[in-house]
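Okay, so here's the structure we're looking at.
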Amino acid sequence: MAVTLDTDLARVLGAKTAKAMAESLELRTVRDLLRHYPRRYATRGEMTRLDDLQVGDRVTVLAQVRRVVSRKMRSRPGTLTEVTVGDGAGEMQLVFFNRRHGQLQQGAWGLFAGTVGQYRNSKQFAHPDFHLITGDDDEDWARALIPIYPASKDVSSWVIQKSIRLLLDASGGFGFVEDPLPQDLRTRHGLLSLPAALLDVHRPTTADDVERAGERLKWDEALILQLVLAARRRAAALEPGTARPRSSGGLLDAVDAALPFSLTEGQQAVGEELAAELSRDHPMHRLLQGEVGSGKTVVALRAMAQVVDAGGQAALLAPTEVLAAQHARSISAMLGPLARAGELDGDPAGTKVVLLTGSLKAAARRAARAAVADGSAGIVVGTHALLQEGVDFADLGLVVVDEQHRFGVEQRDALRAKGNRPPHVLVMTATPIPRTVAMTVYGDLETSVLRQLPSGRGGVASSVVPVSDRPAWLGRAWERLREEVAAGRQAYVVCPRIGDDDTGTADTDAPEDADGAPEKGAGEDERRPPLAVLDVAEALREGPLAGLRIDVLHGRLTPEDKEARMRAFASGETQVLVATTVVEVGVDVPNATVMVVMDADRFGVSQLHQLRGRVARGRHRGLFLLVTEARETTATGQRLAAVAGTSDGFELARLDLETRREGDVLGAAQSGKRSTLRLLSLLEDEELIATARAEATELLATRGGLADHPGLAAEVAALATDERATYLEKA
Ligand code: ADP
Ligand code: MG
């Protein structure tokens, strides 16, 4: 039979098996089956640690029958057969009612699959599926390494193994599989051919085989993904855009003259990069990563000024209304009369800065929209919703997206569809993105990094306050807070929940938790609810912080109310702000030097790092306290210690990636049954991903490009269309 990768499995395996595979594992074609790799390999002698199995796991184990005991049941008619199987490390009961399994004899080896249950004090499988390895079984079972596949109730691991075997027999080997990777690339990186790698991954003889096959198969994943991304970058680079070249004597020069500080080297370098890209007649797509407090706003403002000087408009989008209002305020303050062109006291060389958010009163909103539509507003500040609301721009030249590393491909596509020529786009984030994630999830953006903080910052001292281990420390924490306030500084107290009658833990106005939700441990349900802003504020007013001017801030307040409270804090009127993570992103009050995070274990690593950034903004040394009930010795305690121990955002981003499942990074595709990244790991394969990225860029830049590699082109096309929505989107 002529088999190809696209052959329907029914033709090879028969209708019944094929149907089960399609329904429970989404395996439909030969390609699907071959790319369904074993999860692990069972070996005799070094067996699964049965002891480690968790109740509820669905597993396949290789074990030997130790004892078989049948007895009449007392409570009802029939017999019960208990089969004890074991491996080196532990034993487990298989329980069968009213069924004799003659083959289950002492000493027999087999694969046993089922859901782990518990009876009295031991683990058991009730009615497991099993496949015994008998003397006259084919050579599959004589292998040193028995592949254990991701399986389902209807399709067991050994059925998959047999199916692969059938496929091999039907096609006379995997010779029919064409290798999409160019020969020269394979030689360069010492990679197996695809047929050889498939054979080794499904039917290995040694652990070495598995490793070499894995290396090669990861390359497929990495290269094809990078080709998709590189193609996007190339397409974007060819798109027509409007050049907004730098000119002198305008707003940009005025901004530079008005800056109360000199730019850091990093700000200058990134500024040059942006200036050059804005001058091209192709739209810029750039991601600017910069530590919290590294001064991204001024970099963005200078880019916006350049665009305004060139006759265009710039929009600055923030994730929350609080932050949008703050941006509008600080930009207006920085520009002074330059922000009020057209007004009596305005400078005609300047432009108009408008804030356009959902909470504006109707009249103000109409006026703002009119200024945006007629072009008199050069700088428009709003929330991310601004672009979806159908606001008309006279000539939108640049969109700056602040603190949103989830501004995905689709959103950028939507932007591109707006207006006649797509605007330049700058995405900014203070959440450091590990290099591998930058190369995959954000792989179609060029990136710039601001590592340096402006000099003259006081720095932050961080420590964990483990209230279970050291109850006295909490009192000391409040004393420290009081001392700072007495010295004229201000403080934040952050809680995971709003309080009163909210049920969930999330504050809906807080930025989405992009950074790894706090982990849910086992027994999560029994944990007490997280501390709430309203309760904590109350307790502090009556207790340790009595007499201080305390206010609260959270997402249930109206936008005007939030804005007013934020203003009162910025002006120093409020001394202590008890808040949810609405303060996580971008809020800039340099006089605030203390932050106490309650239930710190309920926050993700990156989120904590973000929060810390709020007290690292001024001349004074900041103090960042992580209050937790987690014991110092637990994993959670250590995670918090790591956050306190370093302020290197990139190191923390890596830690964050380690503590999360990678699936959360890549979105649903990763956890789905047919994810595209089966073997490639964002944690472990950094070098491979970087090399594949370089190869992909190179390959597309050569004369024939993908056209010279039809096999690759087909894989790329399949990924680009099929899985784009789930795979490239992290939103
Ligand atoms: P982030 O990168 O976190 O958005 P901001 O842009 O809010 O940081 O900047 C943080 C603070 O640093 C602001 O108060 C800003 O005015 C100040 N700042 C920015 N650049 C410099 C610089 N070169 N020297 C001194 N202070 C600066
Ligand atoms: Mg910022």
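For region 548-619, the square roots a ≥ b ≥ c of the C-alpha gyration tensor eigenvalues yield an a/c of 1.5 or more together with a/b not exceeding b/c, which makes the shape oblate. Among rounded, prolate and oblate, which fits region 197-296 when a ≥ b ≥ c are the square roots of the eigenvalues of its C-alpha gyration tensor, a/c under 1.5 means rounded, and a/b larger than b/c means prolate? Cα axes put region 197-296 in the oblate bin. Taking amide H as placed 1.01 Å from N in the peptide plane, L192 has its amide H under 5 Å from the amide H of R216, each at least 5 places away in sequence or on another chain.
Residue-normalised convex hull volume from the C-alpha trace of the chain: 200 Å³ per residue. Using a Förster distance of 60 angstrom, determine the FRET efficiency expected from the C-beta separation of E239 and R528, and round it to 0.05. After rounding to 0.05, the efficiency reads 0.65. Restricting region 277-358 to trypsin sites (Lys or Arg not before Pro) that sit in a DSSP loop and have at most 11 other Cβ atoms within 10 Å of their own Cβ leaves nothing. Sorting the segments 257-263, 16-22, 466-472 by their mean number of nearby beta carbons within 10 angstrom, highest to lowest, gives 16-22, 466-472, 257-263. Membrane-span-like helices of the chain, defined as complete DSSP H segments with a Cα extent of 18 Å or more along the helix axis and a mean Kyte hydropathy of at least -0.5, are identified as 157-171, 207-238, 265-278, 296-309, 321-335, 686-701. Note on region 232-273: with charges restricted to the Cβ of Lys and Arg (+1) and Asp and Glu (-1), its dipole about the Cα centre is near 360 debye.
We did not get these values from a lab; they are worked out from the coordinates using the rules stated. Here the structure is a predicted model, which is why all the values come from computation and not from measurement. No Cβ is skipped: glycine too gets one built from the backbone with ideal geometry, and neighbour counts run over all protein chains shown.
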